[in-house]
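Report on one structure; see the data block that follows.
Values in this text are rule-based calculations from the coordinates and carry no lab data. These figures come from a predicted structure and were not determined experimentally. Every residue, glycine among them, receives a Cβ derived from its backbone with ideal geometry; neighbour counts consider all protein chains shown.
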RNA sequence: GCCGGAGUGGCGGAAUUGGCAGACGCGCUGGACUCAAAAUCCAGUUCUCGCAAGAGAGUGAGGGUUCGAGUCCCUCCUCCGGUACCA
């Protein structure tokens with residue numbers, strides 16, 4: 001076998017690793033542990049995409065190098081196997097989604113093994129395994145059993161929730177209701193995104209421009225009972241704890257942006273009769289700012305309390321509870337029509353028509369707490385019920401949207417901020433004339449006793465002023481919404497929740513958790529998977545004995561919603577630690593030993609949702625003592641997208657999809673791995689190139705021929721290899737390569753590491769005396785990148801065991817040094833010549849040699865030397881004048 | 001609009017963080033080997049002018065700091081990703 005033949009050597013070594021359990025990780029790390037995790041794939045019917053092996057190869061290199069460096073490495077793989085496509089396939093074919101899912105997993109597993117990744121396959125899990133989702137359900141029950149204590153800023157067992165005496169006095173049902181309102185998992189009737197085409201409700205995040213992210217079907221809003229997870233309670237911690245993570249700043253910014261924390265003030269506008277305003281105001285001054293609102297008050301949220309004096313109208317969302325009360329009889333018809341129109345609007349309409357502001361006047365007025373002025377209350381859909389208080393004070397002079405609205409409806413515009421000096425005079429004049437909007441900071445005008453204050457100080461002063469009088473308070477808001485956690489699908493985790501029924505078979509509204517020891521709640525048998533086109537979930541068609549269990553003599557109906565696909569991926573990194581544990585999701589001793597994940601690599605498409613959801617669950621588990629670290633993923637890296645050869649996103653429709661199977665068949669797995677790492681920086685988007693694959697394949701062939709005699713009929717070493725002592729030049733090449741490759745792997749700079757190894761082969765293929773020791777070191781350096789060929793070469797070099805645990809080569813700094821060094825000499829910054837000096841030459845002799853250089857002398861002749869810069873080891877620059 | 005990231009040869013990309021721009025690979029050109037081809041090996045390859053020696057220009061554009069800028073600062077342009085009435 002003289003030629004490099006990946007088709008022969010790759011299956012051989014894959015079988016060897018499997019047979020010898022080479023990459024099985026210990027239960028607990030022996031010495032330094034390293035947990036390296038890939039984002040596990042959704043096993044789609046299309047099989048592996050070339051994007052998958054990019055991140056997987058990167059982590060594999062890190063793991064293989066770390067093992068050789070003596071680390072105890074945990075490197076698992078599994079499958080995120082719940083999801084819509086399998087269910088849609090089942091609807092079309094009538095085949096149970098589990099069958100298709102398992103088929104897809106088999107394909108993925110085969111493809112992953114074909115690429116020679118050093119996973120501990122003994123830990124493989126799939127989120128659809130009943131033994132896995134048993135614990136997903138268990139974690140849901142933990143969340144259900146938790147309330148968030150705002151004082152301690154942490155989740156606590158619901159049994160520790162203090163029950164106010166007034167509630168307790170109303171009996172156990174009231175207590176239950178009080179608790180249920182505060183659980184981290186709660187039910188809500190909120191309007192949801194119902195997609196008739198998919199037959200399901202979607203999360204806000206799954207709706208793009210009013211259409212389903214998957215399939216692009218229209219989505220309408222309708223109210224439906226849903227399970228929600230109170231992720232907003234953790235918003236502050238989710239934002240704060242980003243600080244300690246070793247993540248790219250861009251990804252952190254994405255998450256911060258998504259959480260969208262803003263600080264400002266809430267303020268109450270009196271909507272009772274104007275004559276009673278003074279009485280209301282002084283009554284307010286005697287107590288604290290009320291948490292619960294009376295219905296004579298409109299509460300608003302603003303980030304610009306300094307513009308309170310500029311409020312010329314109010315806006316409430318069409319869904320605001322005070323619409324009824326505020327609408328006067330002569331405006332009722334118009335308001336009703338507007339509300340209906342707004343309700344019918346899809347999100348698409350609301351966003352696409354974003355420039356057009358619409359609204360109606362209610363006929364009522366609210367009184368500005370700072371100046372007692374009565375201003376009209378409008379209804380407009382540019383104010384969202386789901387953010388802040390669902391009501392705003394409108395300051396058209398200093399808010400783009402309010403300005404547009406005021407212009408549309410001829411509402412007065414009153415400037416209260418004098419623009420700063422960076423604004424041109426004529427623009428500032430326009431602002432002061434109410435002809436232009438100005439949203440930045442400045443100095444207060446038209447604001448009574450606050451005139452002359454700068455924006456920042458004014459904000460603080462007015463907030464305090466409001467708080468003192470019981471009229472307002474400082475407030476924080478988030479763009480982040482609670483997580484809509486239920487789906488009307490079959491192929492998802494069932495909720496371990498039972499709804500109590502009365503004797504007539506109607507739900508009483510009381511809910512109980514399935515007892516822990518009765519988990520898992522498996523999916524029932526269904527005769528068919530077709531949706532019925534109504535929002536009720538397919539599980540409503542489950543057999544009676546599944547659907548209506550009896551517990552302690554009471555009849556219940558099971559929850560028929562299922563969990564979203566995100567659920568399984570929220571904690572899989574924990575199960576990998578202890579995948580077969582039947583008593584707990586993970587053994588605490590094991591969890592403490594391995595967590596947190598040291599390196600997590602995956603696509604940037606999960607930068608917000610998956611990572612935020614997983615962090616949220618982790619924090620609840622942390623609060624409940626299940627895990628020991630506040631964050632799950634210490635270091636995160638997002639691999640860049642691999643584009644087609646035409647520089648476009650790979651897509652079937654574009655005909656530019658590259659199939660890993662084809663590449664492996666033609667070039668081998670080592671070439672695929674090496675190419676994907678050589679394309680460019682891991683995090684950058686890069687176009688595929690078949691010629692590039694061919695290039696790295698040639699390199700492997702060169703490396704092969706450097707060591708193997710390719711003219712022989714049997715595998716034997718190239719006759720140039722022998723136990724010769726390395727020359728000084730050889731030593732420099734060897735140690736420079738060891739140093740660079742080692743450092744580059746640590747920096748995840750795989751493309752440059754490969755370039756250094758190419759330089760190594762370029763040097764040694766020119767030598768007809770190749771020291772065996774040099775070849776061995778090289779093979780070890782190459783092995784994390786191209787493990788199959790490396791194992792084969794290692795064996796040819798006379799070793800009879802895997803190199804997976806051979807000590808990693810160490811470089812010797814003293815062997816890198818050269819006796820002389822070539823220094824560039826510049827005159828006035830332009831390169832004019834090069835001198836060769838001894839490495840330890842002093843500045844004076846370097847300068848003398850530089851001046852003596854004929855070319856340099858030519859350019860300095862007859863000119864006055866102004867300055868000479870000597871940077872030892874780098875260059876000389878002589879500055880002349882004249 | 002806002003928030004991120006990026007613009008370097010024919011192409012993918014390097015460049016100790018302020019010090020020889022273009023490592024390494026692809027492609028291309030020439031050569032060796034061969035009856036010939038494939039494979040392999042060797043040499044060259046930023047652009048412009050020049051037979052050459054050489055000279056000049058050059059990291060999206062323009063300005064600045066510096067002995068010296070792909071790298072730092074200011075202004076702007078283009079592309080990619082995210083987000084979008086969040087008060």
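Classify chain A as rounded, prolate or oblate from the Cα gyration tensor: take a ≥ b ≥ c as the square roots of its eigenvalues, call it rounded if a/c is under 1.5, otherwise prolate when a/b beats b/c and oblate if not. Taking the square roots of the gyration eigenvalues as a ≥ b ≥ c, chain A is oblate.
Every Cα-Cα pair in segment A:351-429 was counted, and those over 21 Å apart are 36% of them. DSSP assigns beta bridges within chain A; of those with both partners inside it, close to 75 percent run antiparallel. Spin-label pair residue A:865-residue A:158: with each label point 7 Å from Cα along the Cα-Cβ axis, the two points sit 8.5 nm from one another. The calculated 222 nm mean residue ellipticity attributable to helices in chain A amounts to -10500 deg cm²/dmol, summing -39500 (n - 2.57) over DSSP H runs of n ≥ 4 and dividing by all residues. Treating each Cα of segment A:262-477 as one equal point scatterer and applying the Debye formula with no solvent, the log10 of I(q)/I(0) at q = 0.19 Å⁻¹ comes out as -1.47.
Counting 0.36 nm for each residue step from residue A:449 to residue A:815 and taking away their Cα separation leaves a gain of 124.1 nm. Label point of residue A:652 set 7 angstrom out along Cα-Cβ; within segment A:480-519, no amide nitrogen lies under 17 Å from it. Treating each Cα of segment A:548-623 as one equal point scatterer and applying the Debye formula with no solvent, the log10 of I(q)/I(0) at q = 0.15, 0.18, 0.20 Å⁻¹ comes out as -0.70, -0.87, -0.98. P(r) tail, segment A:97-249: Cα-Cα pairs separated by more than 29 Å, 47% of all pairs.
Using Cα-Cα distances under 8 Å and only pairs 6 or more residues apart, what relative contact order does chain A have, in percent?
Numbers: 1576 pairs, mean separation 133.2, N = 882.
Rounded, it is 15 percent for chain A.
Using R₀ = 56 Å, calculate the FRET efficiency as 1/(1 + (r/R₀)^6) where r is the Cβ-Cβ separation of residue A:727 and residue A:257; round to 0.05. For residue A:727 and residue A:257, the calculated efficiency is 0.50. Label sites at residue A:540 and residue A:608, each approximated as a point 7 angstrom past Cα along Cα to Cβ, lie 3.2 nm apart.
Between residue A:879 and residue A:822, the simple label model (points 7 Å from Cα in the Cβ direction) yields a spacing of 2.8 nm.
Taken along its principal axes, the alpha carbon cloud of segment A:685-815 reaches lengths of 44, 40, 30 Å, longest axis first. The Rg/Rh ratio of segment A:496-611, with Rg taken over Cα atoms and Rh as the Kirkwood radius over Cα pairs, comes to 1.07. With an a/c value of 1.5 or above and a/b not larger than b/c for the gyration tensor axes a ≥ b ≥ c computed over the alpha-carbon atoms, segment A:78-135 is described as oblate. For a modelled paramagnetic label at residue A:473, 7 Å from Cα along Cα-to-Cβ, the residues of segment A:293-332 in reach, with backbone nitrogen under 11 Å, are A:293.
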